Amino acid sequence: MYRFDPIAALCNEHNMLTSNFALHQASLVNHAWGRASRLFEQYKKQLERHIQLEEHYLIPHYDALKTHDQWPVRVYAAEHRRIERLNGELSEG
């Protein structure tokens, strides 16, 4: 039976986000504007999904997982709102 591991899913999302943003940047350097635009749109959608995963699986349980070197949960929540706002602004412009 398959068991969903939210921490593994979040780690996988982080890796995919990093890889896809690097592909986007490489496309810009190579002047592949259409590809860069498509990759950035994919990146924004992945980032939205990642935020949803964190807010559903991680943030509600964050205090129980907290160690001395982590930021307070409100920092992560504020960062999510900032990212969502910036994504919205990019979509408008």
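Do we have TYR62 as open to solvent by less than 60 Å² (accessible area, probe 1.4 Å) and without any contact (Cβ under 8 Å) to a residue 24 or more places away in the chain here?
On the way: open to solvent by less than 60 Å² (accessible area, probe 1.4 Å): yes; without any contact (Cβ under 8 Å) to a residue 24 or more places away in the chain: yes.
Against the criterion (open to solvent by less than 60 Å² (accessible area, probe 1.4 Å) and without any contact (Cβ under 8 Å) to a residue 24 or more places away in the chain), TYR62 qualifies.
Go through (1) touching a His at 6+ places or on another chain (Cβ under 9 Å); (2) of a type in the set (Asp, Glu); (3) without any contact (Cβ under 8 Å) to a residue 12 or more places away in the chain one by one and return the number of the condition GLU54 breaks.
Of everything listed in (1) touching a His at 6+ places or on another chain (Cβ under 9 Å); (2) of a type in the set (Asp, Glu); (3) without any contact (Cβ under 8 Å) to a residue 12 or more places away in the chain, GLU54 misses just condition (3).
Give all pairs with beta carbons closer than 7 Å in which a residue from the stretch 71-93 that is open to solvent by less than 60 Å² (accessible area, probe 1.4 Å) meets a residue that is among the hydrophobic types (A, V, I, L, M, F, W, C) and not in a helix (DSSP H, G or I); count only pairs at least 6 apart in sequence or on separate chains.
Taking only residues 6 or more apart or on different chains, not a single pair turns up.
Criterion first (of a type in the set (Val, Ile, Thr) and either at pLDDT 90 or above or surrounded by 11 or more Cβ atoms within 10 Å (Cβ to Cβ) (or both)) does THR18 satisfy it?
Values: of a type in the set (Val, Ile, Thr): yes; either at pLDDT 90 or above or surrounded by 11 or more Cβ atoms within 10 Å (Cβ to Cβ) (or both): yes.
Criteria met by THR18.
Regarding MET16, is this residue out of contact with any Gly (no Cβ under 6 Å at 6 or more places or on another chain), in a loop (DSSP other than H, G, I, E, B) and not aromatic (Phe, Trp, Tyr)?
On the way: out of contact with any Gly (no Cβ under 6 Å at 6 or more places or on another chain): yes; in a loop (DSSP other than H, G, I, E, B): no; not aromatic (Phe, Trp, Tyr): yes.
When the stated conditions are applied, MET16 does not pass them.
Looking only at residues that are open to solvent by 80 Å² or more (accessible area, probe 1.4 Å) and in a helix (DSSP H, G or I) in the stretch 22-40, which one is farthest from SER91 (Cα to Cα)? Don't jump to the end; show me each part of the working.
Residues of the stretch 22-40 open to solvent by 80 Å² or more (accessible area, probe 1.4 Å): 29-31, 33, 35, 38.
Applying the additional criterion that residues be in a helix (DSSP H, G or I) yields 29, 33, 35, 38.
Working: VAL29: 22, TRP33: 16, ARG35: 17, ARG38: 13 Å.
Residue satisfying both the conditions and the ranking: VAL29.
What pairs come out if I take residues in the stretch 1-22 that are among the polar types (S, T, N, Q) and pair them with residues that are at pLDDT below 85 whose C-beta lies under 9 Å away, six or more apart or interchain?
Filtered contacts from the stretch 1-22: no entries.
Looking at (1) open to solvent by 100 Å² or more (accessible area, probe 1.4 Å); (2) of a type outside the set (S, T, N, Q); (3) within 23 Å of ALA77 (Cβ to Cβ), find the lone condition where TYR2 falls short.
(3) is the only condition that TYR2 fails.
The values are calculated or read from the model by the stated rules, or taken from the named source; none is laboratory data. In this text the structure is predicted, and so the values were computed from the model without any measurement. Every residue, glycine as well, gets a Cβ built from its backbone with ideal geometry; the counts of neighbours run over all protein chains shown. The protein model used for the area step is the full one, side chains on, heavy atoms only, and it has no ligands, DNA or RNA in it. Shrake-Rupley method; radii C 1.70, N 1.55, O 1.52, S 1.80 Å.
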